[in-house]
Amino acid sequence: MTPSNPVPNFFRSLLCTGISLILVSACGDSKQSGGSTSQLKVTNGIKKKPAEFNAVVKIGGCTSTFVSPTTLLTAAHCHTHPGELPTVNGVKAIRNVSMSDLTGEPRSYSNDLRVLVFPNPISPDWIPISLAPTQVGDVVTLAGFGTYDRTTGANDGEFRYGTNFLNTKEDLDRLLILYGDQRGSVPGRIGLDSLIGSGDSGGPLIRDHVIVGVNSFGSSGRGGEFEGKSGFVAVAHPKSKAFLDSLISQGVDIRFDTAGTPDRECIDVRAERLFTLVKFAKPRSKVVSVSGHWQASKTWAYVSGFGYPAAEWKDRPLNADAPFGSLLVFGKSSNAESLNYLGHWNGVFQAKEPLLAAALRMHDVDGGLDDNSGTVQACFE
């Protein structure tokens, strides 16, 4: 799957500096710390939606981004009602979990992350999450469906995107901060001072085609040079990453940008293929995550790489006790060997010896592949 590439190349050549500012109001959720609950949108943005942004969608009064075909990333202060399972493209979410739900931390700007999971792939477009920290001065793109003029509060519900640069970081680098000197809308203008507004909550902050932050709040500035402030949760921060990793370990499909992680190789395994073959750039000994969903036929529900529940597959022929629909792993540790069956994914997979190559497939025992669909991603280290 090829991720979206939202950042225009010419923005990268701009050089900027960073400045700090004081937060004076919150965006969207009265339960968060701070002052009033004024909800701030992308000001000074371009009113159009290029194909690169098809992964960014509007749900209710917030903005969200697909980070895989089945998973949306947004702000925790969106979709907070108990049992709220939004619908996108006619498909209802099956899970709605915030970072504070899993960590037990009180909700704050710094952990303002929420993930919505859908039962089957519904978006062909997605943007991966960055594994590399941001640096002050980085040129970034922000996007959403919110207020485009913070002076008048005008909001037509249309998508807009704009640019800015990372001014500073707060709360031990958990928050990424942008400032802007314009509160009004300048039609068709794209400068380096776009901010967020009401309706942009949960929208992405993008650098070099990958997500580096999620919109948490917007506020008024201190006057003078800057008129507004926007804050984003840093998704590469270890605490944010731990939240996302915990969901991946439970079978949630969340895609990371692996360009900056040469010690991890990830392979997309399609259900309709007999085998997906890979020769590793360096020997690999374990599978560290399997995300995504697939189904063994149109009559079976979508499942993760763990396969179907035992009650559903117990009467079917099995391969080395692997559940029907699970991810099977074959591999070899030397060029002289043939590929041998090594086991299936059950949350942990460790080869006895480092592997030079592997072959992966769905455990589908009905003899046909044309009724299968979906993809899981397996990451080796």
In Hz, Karplus ³J(HN,Hα) per residue of the stretch 350-358 (6.51, -1.76, 1.60; θ = phi - 60°; x = Gly, Pro): 9, 7, 5, 10, x, 9, 8, 8, 8
Solvent-accessible area per residue for the stretch 320-367 (1.4 angstrom probe, square angstrom): 46
Probe 1.4 Å - accessible area at TRP313, Å² to nearest ten: 40
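Return the FRET efficiency for the residue pair THR103, ASN54: r is the Cβ-Cβ distance, R0 is 51 Å, and the value is rounded to the nearest 0.05. Walk me through the numbers before you get to the answer.
Numbers: r = 31 Å, r/R0 = 0.61.
Rounded to the nearest 0.05, the efficiency is 0.95.
In µm²/s, what is D for the stretch 57-116 at 37 °C and 0.692 mPa s, where D = kT/(6 pi eta Rh) by Stokes-Einstein and Rh is the Kirkwood radius from Cα pairs? Provide the component values of the computation, followed by the final result.
Values: Rh = 11.8 Å.
Calculated translational D: 279 µm²/s.
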Inter-label distance, nm, simple model (7 Å from Cα along the C-beta direction), LYS241/LEU85: 3.3
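Determine the per residue accessible area of the stretch 55-143 with all protein chains present and a 1.4 angstrom probe, expressed in square angstrom. Numbers along the way, then the final one.
On the way: 2920 Å² over 89 residues.
So the stretch 55-143 comes to 33 Å² accessible per residue, rounded to a whole number.
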Share of carbon and sulfur in the accessible heavy-atom surface of the stretch 74-177 [1.4 Å probe, %]: 50
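Rounded to the nearest 0.05, what FRET efficiency is calculated for ALA336 and ASP156 with R0 set to 56 Å and r the Cβ-Cβ distance? Each step should come with its number before you reach the end.
Values: r = 66 Å, r/R0 = 1.17.
Efficiency, from the Cβ-Cβ distance: 0.30.
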Cα centroid separation - the stretch 338-378 against the stretch 79-94, whole Å: 32
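The values are calculated or read from the model by the stated rules, or taken from the named source; none is laboratory data. None of the values given here were measured: they were computed from a predicted structure. Note: ideal-geometry Cβ built from the backbone for every residue, glycine included; neighbour counts use all protein chains shown. For the accessible areas, the whole protein counts, side chains as well, though only heavy atoms, and no ligand, DNA or RNA atoms are used. Shrake-Rupley method; radii C 1.70, N 1.55, O 1.52, S 1.80 Å.
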